[in-house]
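The values are calculated or read from the model by the stated rules, or taken from the named source; none is laboratory data. Predicted model, so just to flag it, every value in this text is computed and none were measured. Neighbour counts run over all protein chains shown; Cβ positions are idealised from the backbone, glycine included.
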Amino acid sequence: MDPDRKRKIRLVVALSVAVLLATALVWTSFNASTEAKSPSELLAATPAGAVDAYGKVVTEETLPDGSREFVIADPEDTSQTVPVEYEGQVPDPFREGRDVIVTGLMVDGTLVAEKDSLITKCPSKFSDEAEDDPNIVIDESL
Amino acid sequence: MSSIDAGFACLIAAFVAFAYGAAASIWGGRNADRRWVDSARRGVYAAAILLTLCVVVLEAAFLRSDFSVALVADHSSTTTPTLYKMTALWGSQGGSILLWAWVLSIASSGVLFATRHKHREVVPWATAVLCGLGIFFTGLMLLAGGANPFDRLSPVPAEGLGLNPLLRHPAMAIHPPMLYSGYVLFSIPFAFAIGALVARRLDTSWIRSTRRFGLLAWIFLSVGILLGAGWSYVELGWGGYWGWDPVENASLMPWLVGTAFLHSIMVQERRGMLKVWNVSLICVTFALSLLGTFLVRSGILQSIHAFGESTVGTPLLVLIALVLAGSTALIISRLGDLRAERRVESMASREAVFLVNNVLLIGLAFIIFYGTFFPLIAEAVTGERSTLAAPWFDRYVTPLAILVVLFTGIGPLLAWRQISAGRALRLFGPPVAFAAVVLVALIAFTDSASEPGALIMFTFAAFALAGLLGEFVRGATAQNALTGDGWALSLGRVVVRNRRRYGGYTVHVGIILAFVSIAASSSFQNTDDVRMLPGDSTTVGDYELTYVRPEAYRDFDEDRLTFGSVVEVRRDGELVETLTPSRNYYSSSSTGTVRSFFEGEATSEVGRSGGAAEDFWTAMRPDLTEPAIENFIATADRRIDEATIPEVLPDPETPGGAEAMRGIAEARSEFQGLAITNLEERFENGEIPVDFRINVNPLVIWIWVGGAIGVIGGLIAAWPTASAKRRRVSDVYAARLAKDLGRA
């Protein structure tokens, strides 16, 4: 076969495969993705499927069976809160006041989280947030 | 003038030196005037010296706890251990940018010194690019708010905030400079590629001069990634080493594209092909390095790191856009000069396999890029912010990683141009047979068949390792036949004489071991979460864990309370090891309350009993939200307040007021100590239940062993050969001769 023609066929095949793969990638990513919602968005409209809820931990409590209950507040409006039932590994930085992301389903106004889905954000080295964190600012009054 | 003022002056002078270097090199390049180019190079040396002085001044400020410097006050304290005082510099915005600029100036000085007698057309433009980057980063420190490492505080605080306890780990002390050195060193081949494009000198000379810098960048980046994964495994208390978090992905993307670049430049060197591909790859690698720096400062993505919007995010984004747009325009304008000298003659050739592996590596990088930025893409398309979790990444990355391992095995067995069927059969026969035996053995004697992905990975890895072993054996045998030195000595000689080739093979061995380890530890992990009291036992996999007794102690230097446990690990009834996992609570403030210990940072010290086959891993978390303990803490704090705080607080501004406040603080500290001692006793009496996470991770240690082998291989490949040294010396003589003849 003419080498130029052979090269063109190869190029068309390679491009077709690339387009197919890219389509599969985009299709599966939208199907597999989880919407990220703040507590106020969760309260405004209960999502049908799993969501990534993000917010600031307001209170936390461990239940006798070892599972955990905590409440997350909207970063924009702390009066908007959602209780979370969680079971599984709790990251070291988790505590009241920390920003978390947790995946789960809304059931009767409570987010029932998937096991081990809790992500707690470390205070950033590069933001002012760490410096403004009241828990790590030295209390100079005493 | 204080040393801090002198340091700031050095920073300004470094900015000026870079600006002079850029102007002089462009002038010298446009007018073919060597003197200006030499002067620009000396400007870069000056910037390197000045930035070294900046680093020395700041390190001295950290060591003497000079809290008049905001950087020191925000990231160190008088109780911070010396090692972490010294490494706290890069734990901050300004310090990390200074580290970028400093490493850049030193690497630039190194490459410009090494090429001072070579590549006269390319060097001026490469110098201009490097100086441009120097201007950007020193300018960022001087002009972007909050990025000046020499910012002062007034009034000067009596104590600093200290380093986040999570970062007080040797791996985290070295991890940032390793990553940054990797990112920065990719700027050297990038600058020379741009220089070659501007000067239209697109032969392999720019590659030969900067290949080692690319390799060193890859080594540093590998070490940085391995240290980060190791820190996550032993320090974060979740038992994993990789979570597809944007901050992890940010370092993996330039590593993957950089790996592709290091392979494809070999094809250009040997066959004169892939010229457009190579300049494109190094531009993308460098842009991804900048992207890694940008991601942790932009606040555009949700991550385990609470990325904050900072003042340097936008300028970095502009730089990335400039790098991509500028290099794309330059490459398009030079397409005529970038024509391949040859074409792939056969798919059964080394260059064809390199190309396939390149496509796989770029594919991996693209998938990770897409997954990382998916929240922004989804928001742009649907208006809703969505995220992709680890299973999505695993679904796409696993098959491509398996193929990478397969082609890593095929590549070294093939010759350049093409291979005959007979030779292919001779070379491929033994590794294929070995892989088949491994496959059958795995199916027959293990439960690997339950995880098809892992089974295919192990089989391909067996093929690739056997092929690489065959290469070492063939080389040593041929050497031995020539010299009769014995097999071991011959192996050493053949590696030393062909460092690039056998160093590369060693890298492949390390990477394959790491991939096998990742497949095994992620597919066959046994894990359990158990709530226990002293005396309880549980079984995970073949292991039995017994919680023998709790331990509690307090470190006054670090203001830390530790609740620990002594656990016995048994296998088949035999004691394997006694472990002491613990949880540290760092006091959040000096308010003298018991609660302050549980409102601050908490870190885990995991218990591990590891071997080559598997790693037993456990972390513990006492349940302090138990009502009895909650009550105790609340009551203790109320009583401390009642006993120490008078109805009217003394005014610390009045004479005697400060003394009275100190008295109150001392009394609170004393009561707090008594309450903490009581809490320690309650814990040691077994009144507080403990949640244990227990993991049994097969082969996990091989991630770091394989990584270390890969790094050693990289160093072997980067080490100059005797012939390269001779060539360099003869270059110097040639340059001197030309200069003398010119004078005559």
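Out of A:VAL102, A:VAL90, which single residue is without any contact (Cβ under 8 Å) to a residue 60 or more places away in the chain and more than 10 Å from chain B (Cβ to nearest Cβ)?
A:VAL102
State which residue is nearest to B:ARG608 (Cα to Cα) when the search covers only the stretch B:183-236 and only residues that are away from chain A (no Cβ under 14 Å), part of a helix (DSSP H, G or I) and among the aromatic types (Phe, Trp, Tyr).
Out of the qualifying residues, it is B:PHE220.
Considering only the stretch A:120-130, I want to know if a residue exists there that is crowded, with 20+ Cβ neighbours inside 10 Å, at pLDDT below 85, touching a Gly at 6+ places or on another chain (Cβ under 9 Å) and acidic (Asp, Glu).
no
Within the stretch B:590-618, restricting attention to residues that are more than 12 Å from chain A (Cβ to nearest Cβ) and in a loop (DSSP other than H, G, I, E, B), which residue is farthest from B:GLY162 (Cα to Cα)?
Looking at residues that are more than 12 Å from chain A (Cβ to nearest Cβ) and in a loop (DSSP other than H, G, I, E, B), I get B:ALA613.
Would it be correct to say that B:GLY564 is over 15 Å from B:LEU166 (Cα atoms), touching a residue at least 24 places away in the same chain (Cβ under 8 Å), away from chain A (no Cβ under 14 Å) and among the small types (Gly, Ala, Ser)?
yes
Looking only at the stretch A:1-27, which residues are small (Gly, Ala, Ser), closer than 20 Å to B:VAL381 by Cα and surrounded by fewer than 12 Cβ atoms within 10 Å (Cβ to Cβ)?
A:ALA24
Going by the conditions given, is B:ALA380 crowded, with 21+ Cβ neighbours inside 10 Å and away from every other protein chain (no Cβ under 11 Å)?
No.
Looking at the stretch B:690-709 only, could you name the residues that are crowded, with 21+ Cβ neighbours inside 10 Å and within 14 Å of chain A (Cβ to nearest Cβ)?
Listed by number, the residues that qualify are B:VAL690, B:PHE692, B:ARG693, B:ILE694, B:ASN695.
Identify the residue in the stretch B:216-243 that is touching a Gly at 6+ places or on another chain (Cβ under 6 Å) and among the aromatic types (Phe, Trp, Tyr) and, among all such residues, is nearest to B:SER181 (Cα to Cα).
Applying the filter and picking the extreme gives B:PHE220.
Can you tell me which residues in the stretch A:4-27 are more than 10 Å from chain B (Cβ to nearest Cβ) and under 24 Å from the mean Cα position of the chain (by Cα)?
A:TRP27
Answer yes if at least one residue in the stretch B:643-663 is in contact (Cβ under 8 Å) with a residue 40 or more places away in the chain and hydrophobic (A, V, I, L, M, F, W, C), and no otherwise.
no
On the given criteria, is B:PRO176 in contact with a Phe, Trp or Tyr (Cβ under 6 Å, 6 or more places away or on another chain) and within 23 Å of B:THR285 (Cα to Cα)?
For B:PRO176, the condition - in contact with a Phe, Trp or Tyr (Cβ under 6 Å, 6 or more places away or on another chain) and within 23 Å of B:THR285 (Cα to Cα) - is met.
I'm told B:ARG621 meets every condition in (1) assigned to a strand (DSSP E or B); (2) more than 40 Å from the chain's Cα centre (by Cα) except one. Can you identify the failing condition by its number?
(2)
As an exercise: evaluate B:ARG417 against (1) surrounded by fewer than 16 Cβ atoms within 10 Å (Cβ to Cβ); (2) not in a helix (DSSP H, G or I) and give the number of the one condition it does not meet.
Against the list (1) surrounded by fewer than 16 Cβ atoms within 10 Å (Cβ to Cβ); (2) not in a helix (DSSP H, G or I), B:ARG417 comes up short only on (1).
Every residue in the stretch B:626-683 that is of a type in the set (S, T, N, Q) and assigned to a helix (DSSP H, G or I), please.
Of everything in the stretch B:626-683, those that are of a type in the set (S, T, N, Q) and assigned to a helix (DSSP H, G or I) turn out to be B:ASN631, B:THR635, B:THR644, B:SER669, B:GLN672, B:THR677, B:ASN678.
So which of B:ASP559, B:ASP485, B:ASP555 is out of contact with any helix residue (DSSP H, G or I) (no Cβ under 9 Å at 6 or more places or on another chain), at pLDDT below 90 and either under 16 Å from B:ALA619 (Cα atoms) or acidic (Asp, Glu) (or both)?
B:ASP555 is the lone residue from the list that is out of contact with any helix residue (DSSP H, G or I) (no Cβ under 9 Å at 6 or more places or on another chain), at pLDDT below 90 and either under 16 Å from B:ALA619 (Cα atoms) or acidic (Asp, Glu) (or both).
For the condition more than 7 Å from chain B (Cβ to nearest Cβ) and either part of a strand (DSSP E or B) or modelled with pLDDT of 60 or more (or both), what is the one hit in A:GLU85, A:GLU140?
Answer to the selection: A:GLU85.
For the stretch B:360-371, indicate whether the set of residues that are away from chain A (no Cβ under 14 Å), farther than 23 Å from A:GLU41 by Cβ and either without any contact (Cβ under 8 Å) to a residue 24 or more places away in the chain or within 23 Å of the chain's Cα centre (by Cα) (or both) is non-empty.
Checked the stretch B:360-371: at least one residue is away from chain A (no Cβ under 14 Å), farther than 23 Å from A:GLU41 by Cβ and either without any contact (Cβ under 8 Å) to a residue 24 or more places away in the chain or within 23 Å of the chain's Cα centre (by Cα) (or both).
Give the residues of the stretch A:28-40 that are outside any strand (DSSP E or B) and either within 7 Å of chain B (Cβ to nearest Cβ) or closer than 17 Å to B:ALA378 by Cα (or both), sorted by residue number.
Within the stretch A:28-40, A:THR28, A:SER29, A:PHE30, A:ASN31, A:ALA32, A:SER33, A:SER38 qualify.
Is it true that A:ASP52 is more than 7 Å from chain B (Cβ to nearest Cβ) and charged (D, E, K, R)?
Judged against the criteria, A:ASP52 is not a match.
Got a number for residues in the stretch A:90-99 being within 15 Å of the chain's Cα centre (by Cα) and either in a loop (DSSP other than H, G, I, E, B) or over 20 Å from B:LEU167 (Cβ atoms) (or both)?
Summing the residues that are within 15 Å of the chain's Cα centre (by Cα) and either in a loop (DSSP other than H, G, I, E, B) or over 20 Å from B:LEU167 (Cβ atoms) (or both) in the stretch A:90-99 gives 4.
Of all the helices (runs of 4 or more DSSP H) wholly in the stretch B:1-117, which have at least 3 residues that are among the basic types (Lys, Arg)?
In the stretch B:1-117, B:34-63 are the helices (runs of 4 or more DSSP H) which contain 3 or more residues that are among the basic types (Lys, Arg).
Which of the residues belonging to the stretch A:41-63 are buried (at least 20 other Cβ atoms within 10 Å of the Cβ) and assigned to a loop (DSSP other than H, G, I, E, B)?
Scanning the stretch A:41-63 gives no hits.
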